[in-house]
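**Q** Questions regarding the structure given below will be posed in turn.
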Amino acid sequence: MRLESGVPSGPLADKWDKHRAEMKLVNPANKRRFRIIVVGSGLAGGSAAASLAELGYDVDCFCFQDSPRRAHSIAAQGGINAAKNYQNDGDSIWRLFYDTIKGGDYRSREANVYRLAQVSVNIIDQCVAQGVPFAREYGGLLDNRSFGGAQVSRTFYARGQTGQQLLLGAYQALSRQIHAKKVTMHTRTEMLDLVVSGGRAVGIITRNLVTGEILSWAGDAVVLATGGYGNAFYLSTNAKGCNVTASFRAYKRGAGFANPCFTQIHPTCIPVSGEYQSKLTLMSESLRNDGRVWVPTEGGDQRAPTAIPEAERDYYLERRYPSFGNLVPRDVASRAAKRVCDEGRGVGKSGLGVYLDFNDAIKRMGKDVVEQKYGNLFHMYQKITDENPYATPMRIFPAVHYTMGGLWVDYNLMSNVPGLHVIGEANFSDHGANRLGASALMQGLADGYFVLPYTIGNYLATAGPSPVKTDHDDFSRTAAEVSDRTRRLVGRKGHRTPDHFHRALGQILWDHCGMGRNSAGLEKALKEIPALRQEFWEDVCVLGGDREYNVALEHAGRVADFLEFGEIMVRDALERRESCGGHFREEYRTSEGEAVRDDEGHAHAAVWEFQGADKAPVRHREEMSFEFVTPSTRSYK
Amino acid sequence: MNLVLKVWRQRNAEEPGQLETIEAPSINPDMSFLEMLDVVNERLVAENKEPIAYDHDCREGICGACSLVINGVAHGPDRGTTTCQLHMRRFHSGDEIVIEPFRARAFPVIRDLVVDRSSLDRIIQSGGYVSVSTGGTPDANEIPIPKRAADVAMDAAACIGCGACVAACKNASAMLFVSAKAAHLAHIPQGAPERLERARSMVARMDEETFGACTNTSDCEAVCPKEISIEFIGELNRDFRQALLAGR
């Protein structure tokens with residue numbers, strides 16, 4: 001497998017400009033001769049599809065939801081970072097770059113991250129021009145807030161619904177191009193395979209989720225914007241439909257999968273309340289700006305939180321990390337919560353929870369101001385838990401939220417399969433081993449609005465139109481394989497639902513490949529997952545037919561892929577013999593419990609190559625070299 | 001708690017549907033409404049019966065995928081709440097709960113409780129945007145917007161496009177949905193240049209999609225999970241009339 005990052009030479013600040021000047025262009029009159037397939041309509045896919053169509057390309061855009069507006073980007077609450085320095089507090093492109101690369105624990109590519117920080121400023125301009133109603137000061141200028149892992153206020157927000165408003169901006173831009181007939185939108189359509197012909201990505205195979213029809217689509221380039229794989233854990237903050245199928249199918253057709261063990265466990269989620277639980281709900285990280293995290297000093301304290309005096313509370317983040325306090329990065333905050341719960345000091349019925357207390361904030365700012373800032377989050381918390389967070393502290397616990405790993409891409413956001421581009425959460429490129437808050441929205445829109453539209457032109461100008469149409473053998477063979485797999489699943493009259501197996505897989509991954517990992521647990525998971533997979537194929541129940549709307553069939557297909565993919569996550573976690581970012585190997589830590597990174601042996605992206613069914617995948621490496629920053633031990637003390 | 005569900009079952013758009021009675025014993029009051037349906041489905045499958053189809057995705061009240069008319073009310077009995085954020089503690093053991101799809105001519109049934117709401121997308125496509133392309137935009141702070149205007153725009157922009165307003169309306173009008181998008185863009189300077197054309201084209205598209213006219217009875221506002229105000233409908237009507245007079 002060739003893993004050439006293609007990072008341009010020269011000073012860091014000039015790389016992107018230089019590259020843009022050197023890339024080939026497609027003549028405006030020729031753009032309409034190219035057809036680009038975009039899978040996914042979230043921040044990355046929606047913004048890419050719209051921008052490509054505006055440039056003149058013909059675009060087919062696909063999503064499994066009933067509308068492109070429902071992609072899971074919509075659920076992002078807190079905000080989007082940009083190095084605007086509007087607050088005059090010392091922010092700069094360099095600082096955003098540095099915070100992001102340090103926050104990612106030095107496991108991402110310098111040049112990509114720098115470019116991300118550079119285009120971050122354009123994103124805010126673009127979104128404002130579209131009419132995104134960001135929060136404003138009384139003078140009419142944009143407001144900012146601070147977020148975990150940064151000491152400047154660079155986060156732009158629209159109440160607690162920033163993702164929704166940014167997505168609606170992209171959705172509206174996309175709608176305009178659908179109206180102009182430059183984008184053909186295919187909703188309730190799931191990508192089930194990638195078609196590779198002569199070593200080049202030339203199209204996809206889809207299933208229409210309403211009619212069950214399997215169809216082939218040819219394009220001159222394919223863009224995957226299909227999000228992350230957090231739902232491998234079953235319980236996560238992802239929407240129920242989020243899945244790894246598109247990425248995993250691409251992996252099985254030769255695309256390298258990078259760093260699958262890098263998953264982000266978000267510190268502020270509502271704790272699990274019962275067996276029936278179907279998903280976990282995030283409480284925006286912005287709450288940590290004003291809320292204080294604590295547990296009782298002594299384990300087993302059964303008093304109501306309001307009855308526990310100050311002296312018997314341990315504000316453990318403020319104690320352990322005085323300079324960042326409650327605003328330490330997500331991985332640090334999550335591990336600290338796990339640690340106090342492991343010590344028996346967790347709160348709530350399950351003992352798996354910590355308090356997030358707004359009492360001081362209400363005293364300081366008044367209830368009205370707190371309500372103005374966080375009202376919708378408090379409302380949501382109360383709906384779910386039946387507790388009033390204005391009167392009693394919230395209970396929170398970490399939950400799977402985001403995946404930094406993803407398909408490997410080069411500087412042009414193209415995978416190792418020529419023509420296959422991967423953007424947004426689906427790729428691995430920018431967040432290393434841990435993502436900072438408010439950076440996912442930034443990356444999705446950076447890729448879709450300001451990076452891919454340039455780099456895909458270079459690919460198309462170099463590679464030319466795809467010579468292969470849907471009548472080619474490679475299409476019919478791939479489509480036949482998809483139909484076979486669907487038929488293997490449908491009509492299975494086992495005893496258990498796909499959900500049953502999904503939960504079981506999630507439990508294995510949470511127990512052994514979650515917040516803390518060790519070789520014994522990972523080895524155990526490597527035995528349990530294949531056994532569960534076998535059980536799935538023997539005992540899953542999928543009623544109904546394949547040529548109709550069939551939710552069980554949809555779900556079974558996704559779970560089947562998670563059951564294979566989960567094993568690669570575990571393998572990756574086992575091979576990465578260090579602790580970095582969200583990947584915490586219990587064998588590699590200081591006496592104080594902090595992570596110990598191994599830059600000598602592991603300053604690389606691990607890229608997995610599929611070798612065929614029942615064969616172990618091969619692990620390749622892309623070395624991460626640091627020319628402009630010096631990796632240091634991450635300290636937030 | 002023990003419940004009796006009367007659920008709309010319909011195989012596809014062509015075949016007629018009917019209410020089916022399904023027992024739902026031993027339901028935990030802390031479950032969300034959709035988790036209750038998940039459990040019911042698990043049990044149906046265990047009896048080799050096909051599960052109930054319903055739309056859902058984020059389960060945190062923002063994606064707008066979940067729908068359901070619960071005991072005659074779109075999104076159920078709680079105000080300002082989507083079905084996914086409705087919890088079973090709101091009901092009592094022994095209750096009979098009637099669950100139907102969002103009904104409107106413009107929302108054909110796909111299966112059971114799943115309807116096709118792409119008509120709402122087509123309304124947005126007809127003009128629910130600011131016509132700017134990527135790149136070449138001015139610095140974000142060059143467009144100062146009074147906080148009050150930005151806040152009103154955000155109130156309107158909070159619409160999640162679920163279609164409850166349509167399901168609640170006896171005319172199946174989409175005016176609250178259309179006016180929310182129109183108001184979002186009308187209250188800020190970026191949306192001003194196309195304000196009248198936008199009102200005109202979105203209303204025209206709404207009519208084409210067979211949504212009815214506004215009844216002025218504000219059932220839409222009562223069920224809206226984001227509590228969007230019908231004042232926006234008044235504003236849209238004004239813009240629409242002005243557009244007609246101006247010949248836009």
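The values are calculated or read from the model by the stated rules, or taken from the named source; none is laboratory data. For clarity, every value in this text was computed on a predicted model and none was experimentally measured. With ideal geometry, Cβ positions are generated from the backbone for all residues, glycine too; neighbour counts draw on all protein chains shown. Quick note on the areas: whole protein, heavy atoms, side chains included, nothing else; ligands and nucleic acids left out. Shrake-Rupley method; radii C 1.70, N 1.55, O 1.52, S 1.80 Å.
**Q** So how much accessible area does A:His512 have, in Å² to the nearest 10, using a 1.4 Å probe?
**A** Its heavy atoms expose roughly 30 Å² to the probe.
**Q** Sticking with this structure for a sec: Report the antiparallel proportion of the DSSP beta bridges in chain A as a percent, rounded to a multiple of 5. Mind dumping the intermediate values first?
**A** Numbers: 45 of 64 bridges.
In chain A, DSSP labels about 70 percent of beta bridges as antiparallel.
**Q** Please report the antiparallel percentage of the DSSP beta bridges confined to chain B, to the nearest 5. Spell out each step's value before the answer.
**A** Numbers: 14 of 19 bridges.
Bridges in chain B are about 75 percent antiparallel.
**Q** For region B:1-111, what does the equivalent ellipsoid look like in terms of its semi-axes, each the square root of 5 times an eigenvalue of the Cα gyration tensor, given largest first in whole Å? Please report the intermediate quantities before stating the final value.
**A** On the way: eigenvalues 81, 66, 34 Å².
Here the semi-axes work out to 20, 18, 13 Å.
**Q** Grab the alpha carbons of the protein assembly as shown, take their convex hull, and tell me the volume per residue in Å³. Please list the in-between numbers first.
**A** Working: hull volume 135.7 nm³, N = 885.
Output value, Cα hull per residue: 153 Å³.
**Q** With an 8 Å Cα cut-off and a minimum separation of 6 or more residues, compute the relative contact order for chain A in percent.
**A** On the way: 1415 pairs, mean separation 129.0, N = 637.
Rounded, it is 20 percent for chain A.
**Q** Could you tell me the calculated FRET efficiency between A:Gln151 and A:Thr633, based on Cβ-Cβ distance and R0 = 22 angstrom, to the nearest 0.05?
**A** Given R0 = 22 Å and the Cβ-Cβ separation, E is 0.80.
**Q** How big is D, in µm² s⁻¹, for region B:118-245 by Stokes-Einstein at 20 °C and 1.002 mPa s if Rh is the Kirkwood radius over C-alpha pairs? Before the final figure, lay out the partial values.
**A** Values: Rh = 14.9 Å.
Roughly 144 µm²/s, to the nearest whole number.
**Q** Computing the accessible area with a 1.4 Å probe over protein heavy atoms, can you report the carbon and sulfur percentage for region B:3-111? Mind dumping the intermediate values first?
**A** Numbers: 2000 of 4170 Å².
Accessible surface attributable to carbon and sulfur in region B:3-111 totals 48 percent.
**Q** State the dimensionless ratio Rg/Rh of region A:374-511 (Rg: radius of gyration of Cα atoms; Rh: Kirkwood radius).
**A** 1.10
**Q** Find out how many positive minus negative residues lie around A:Arg188, taking Lys and Arg as positive, Asp and Glu as negative, among other residues whose Cβ is under 14 Å from that of A:Arg188.
**A** Numbers: positive: A:Arg69, A:Arg70, A:Arg207, B:Arg111, B:Arg117; negative: A:Asp66, A:Glu190, A:Glu213, A:Glu548, A:Glu554, B:Asp55, B:Asp57, B:Asp116, B:Asp121.
With Lys, Arg at +1 and Asp, Glu at -1, the net is -4.
**Q** Based on alpha-carbon positions alone, could you give the equivalent ellipsoid semi-axes of chain B from the gyration tensor, as √(5λ), descending, whole Å?
**A** Details: eigenvalues 283, 73, 50 Å².
Equivalent ellipsoid of chain B: 38, 19, 16 Å, largest first.
**Q** Continuing with the same structure: As a test of the definition: which semi-axes, in Å, follow for region A:484-620 when you take the square root of five times each eigenvalue of its alpha carbon gyration tensor? Largest first, please. Before the final figure, lay out the partial values.
**A** Working: eigenvalues 239, 49, 27 Å².
Over the Cα atoms of region A:484-620, the semi-axes work out to 35, 16, 12 Å.
**Q** Given the C-alpha atoms of region A:598-637, compute the convex hull and give its volume per residue in Å³.
**A** Values: hull volume 4.2 nm³, N = 40.
Spelled out: Cα convex hull of region A:598-637, divided by residues, is 105 Å³.
**Q** Let me ask you something else. So what's the projected area for region A:1-62, the Cα convex hull averaged over all directions, in nm²?
**A** On the way: hull surface 24.5 nm².
Computing the convex hull of the Cα atoms and averaging its projections yields 6.1 nm².
**Q** Length gain on complete extension for the stretch B:Glu23 to B:Glu47, per 0.36 nm per residue less the alpha carbon to alpha carbon distance? Mind dumping the intermediate values first?
**A** Values: separation 24, 0.36 × 24 = 8.64 nm, distance 1.28 nm.
Stretched fully, the B:Glu23-B:Glu47 segment lengthens by 7.4 nm.
**Q** Taking Cα atoms, how many degrees apart are the long axis of helix B:195-208 and the longest axis of chain B, rounded to 10 and kept between 0 and 90?
**A** 40
**Q** Additional query: Could you tell me what % of all Cα pairs in region A:265-399 have separations over 25 Å?
**A** Values: 1681 of 9045 pairs.
It works out to 19 percent of all Cα pairs.
**Q** Restricting attention to region A:132-217, which chymotrypsin sites (Phe, Trp or Tyr not before Pro) occupy a DSSP loop and are surrounded by at most 12 other Cβ atoms within 10 Å? Please report the intermediate quantities before stating the final value.
**A** Details: sites: A:Phe134, A:Tyr138, A:Phe147, A:Phe156, A:Tyr157, A:Tyr171, A:Trp217; in loops: A:Phe134, A:Tyr138, A:Phe147, A:Tyr157.
For chymotrypsin sites (Phe, Trp or Tyr not before Pro) across region A:132-217 that sit outside H, G, I, E and B with at most 12 neighbouring Cβ atoms in 10 Å, the list reads A:Tyr138.
**Q** Let me ask something additional. Compute for chains B and A the buried accessible surface, both sides summed, probe 1.4 Å, and express it in Å² to the nearest 100. Walk me through the numbers on the way to the answer.
**A** Details: alone 12580 and 24120 Å², together 30540 Å².
Protein heavy atoms only, the B-A interface buries about 6200 Å².
**Q** Classify region A:310-361 as rounded, prolate or oblate, taking a ≥ b ≥ c as the square roots of the eigenvalues of its Cα gyration tensor: rounded when a/c is under 1.5, otherwise prolate if a/b is larger than b/c and oblate if not.
**A** Numbers: a/c = 1.70, a/b = 1.20, b/c = 1.42.
Oblate shape, in that a/c is at least 1.5 and b/c is the bigger or equal ratio.
**Q** Just want to confirm a number: the relative contact order over region B:1-120, from Cα pairs under 8 angstrom separated by 6+ residues, in percent.
**A** Numbers: 235 pairs, mean separation 39.7, N = 120.
Value for region B:1-120: 33 percent.
**Q** Which order do A:Thr187, A:Thr100 take when ranked by solvent-accessible area (1.4 Å probe, heavy atoms of all protein chains), largest first?
**A** Working: A:Thr187 45, A:Thr100 10 Å².
From most exposed to least exposed: A:Thr187, A:Thr100.
**Q** In addition: Per residue, what accessible area does chain A have, given a 1.4 Å probe and all protein chains present, in Å²? Numbers along the way, then the final one.
**A** On the way: 21030 Å² over 637 residues.
That works out to 33 Å² per residue.
**Q** Give the ranking of A:Lys31, A:Lys367 by solvent-accessible surface, highest area first, calculated with a 1.4 Å probe.
**A** Accessible-area ranking of A:Lys31, A:Lys367, largest first: A:Lys367, A:Lys31.
**Q** Here is a further query. Just reorder A:Lys363, A:Lys24 by solvent-accessible area, largest first, 1.4 Å probe, all chains present.
**A** Values: A:Lys363 150, A:Lys24 110 Å².
Heavy-atom accessible area, descending, gives A:Lys363, A:Lys24.
**Q** If you don't mind, another one. Hey, what did region A:484-620 get for relative contact order, percent, Cα under 8 Å, at least 6 apart? Provide the component values of the computation, followed by the final result.
**A** Numbers: 178 pairs, mean separation 35.8, N = 137.
Dividing the mean separation by the residue count of region A:484-620 yields 26 percent.
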